[in-house]
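Take a look at the structure set out below.
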Amino acid sequence: MEHTKEKLIDAAINLITKQGYEDTSVASIVKRANVAQGTFYLYFQSKYDMVLAIAKRILSHINEKVSDLDSSHQSMEDFLYEWIAIVYEVTEQNRDLINYVYSKSAEKQRFTLWEDIYTSYYNWLTKHITFYQQSNECDREFDPKELAMFLVNTVEQAAEQHFLFQKEVTDVTHSIRFLHRFLVKSLK
């Protein structure tokens, strides 16, 4: 069953990337996935719920890549740089999908659902911040959970600004280094 859900998500991603959200119907998604129309509704209440599934897929991709980062074996500075670079990489790879996901979420004003999607990501970063605070590499003044949420939002917004909203493409390495320096100086 999970395989069918993944086929539907893959089909939606493929179609949305090629023809846009508005021109992608549930009928076209199920046709591309080669499943019956009613099957879609076993997994999703609406096309918008598919957007949330795509957002989960993107975040899952980030979670997979960051799971190898180990705060106990590297400095906070190195950890932050690697994490930022991963977020930039995934944002670049998924720029078109991220645009659709955000625009549809804004239309539906269902941002509370995002908190559920991000919980494990926030918890992952909270654990590493706590480690660096205990190691005296990060200022202890900040609540680790609040700081994790702030950092995730800041890094994602910087990556999205770089790839989605700039008229001219600037050097990604410069953008990553700038953000990295700013965060390191702010957190020490």
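The values are calculated or read from the model by the stated rules, or taken from the named source; none is laboratory data. Being a predicted model, the structure only gives us computed values, none of them experimental. Positions of Cβ are generated from backbone atoms using ideal geometry, with glycine treated the same way; all protein chains shown enter the neighbour counts. Just so you know, the surface numbers come from the protein's heavy atoms only, side chains and all, with ligands and any DNA or RNA stripped out. Shrake-Rupley method; radii C 1.70, N 1.55, O 1.52, S 1.80 Å.
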Exercise. Looking only at residues in segment 70-84 that are in a helix (DSSP H, G or I) and among the acidic types (Asp, Glu), which one is surrounded by the fewest Cβ atoms within 10 Å (Cβ to Cβ)?
Worked result: ASP78
Exercise. Only one of these conditions is not met by PHE163: (1) open to solvent by 70 Å² or more (accessible area, probe 1.4 Å); (2) under 28 Å from VAL51 (Cα atoms); (3) not aliphatic (A, V, I, L, M). Which number is it?
Worked result: (1)
Exercise. Does at least one position in segment 85-96 carry a residue that is under 13 Å from the mean Cα position of the chain (by Cα), in a helix (DSSP H, G or I) and among the polar types (S, T, N, Q)?
Worked result: yes
Problem set entry | Residues of segment 49-84 satisfying the condition of being among the aliphatic types (A, V, I, L, M), over 11 Å from the mean Cα position of the chain (by Cα) and within 23 Å of THR170 (Cβ to Cβ) | LEU80, ILE84
Problem set entry | Unmet requirement for LYS18, which otherwise passes all of (1) within 19 Å of ASP96 (Cα to Cα); (2) touching a residue at least 40 places away in the same chain (Cβ under 8 Å) | (2)
For this session: Among the residues of segment 155-171, write down those that are more than 21 Å from SER67 (Cβ to Cβ) and either assigned to a helix (DSSP H, G or I) or of a type in the set (Ser, Thr, Tyr) (or both).
Result: GLN157, ALA158, GLU160, GLN161, HIS162, PHE163, LEU164, PHE165, THR170
Seminar exercise, completed: Residue hits (segment 112-141; farther than 20 Å from ILE84 by Cα and either among the acidic types (Asp, Glu) or open to solvent by 40 Å² or more (accessible area, probe 1.4 Å) (or both)) are THR112, LEU113, GLU115, ASP116, GLN134, SER135, ASN136, ARG140, GLU141
For this session: Kindly indicate whether SER120 is among the polar types (S, T, N, Q), at pLDDT below 95, out of contact with any strand residue (DSSP E or B) (no Cβ under 9 Å at 6 or more places or on another chain) and within 20 Å of GLU64 (Cβ to Cβ).
Result: yes
Seminar exercise, completed: Matching residues in segment 131-151 (in a loop (DSSP other than H, G, I, E, B) and either in contact with a helix residue (DSSP H, G or I) (Cβ under 7 Å, 6 or more places away or on another chain) or farther than 19 Å from THR119 by Cα (or both)) number 7
Seminar exercise, completed: Apart from one, (1) assigned to a helix (DSSP H, G or I); (2) closer than 16 Å to THR91 by Cα all hold for ARG177; the odd one out is (2)
Problem set entry | Pairs, first at positive phi in segment 112-131, second part of a helix (DSSP H, G or I), C-beta under 7 Å, six or more apart | none
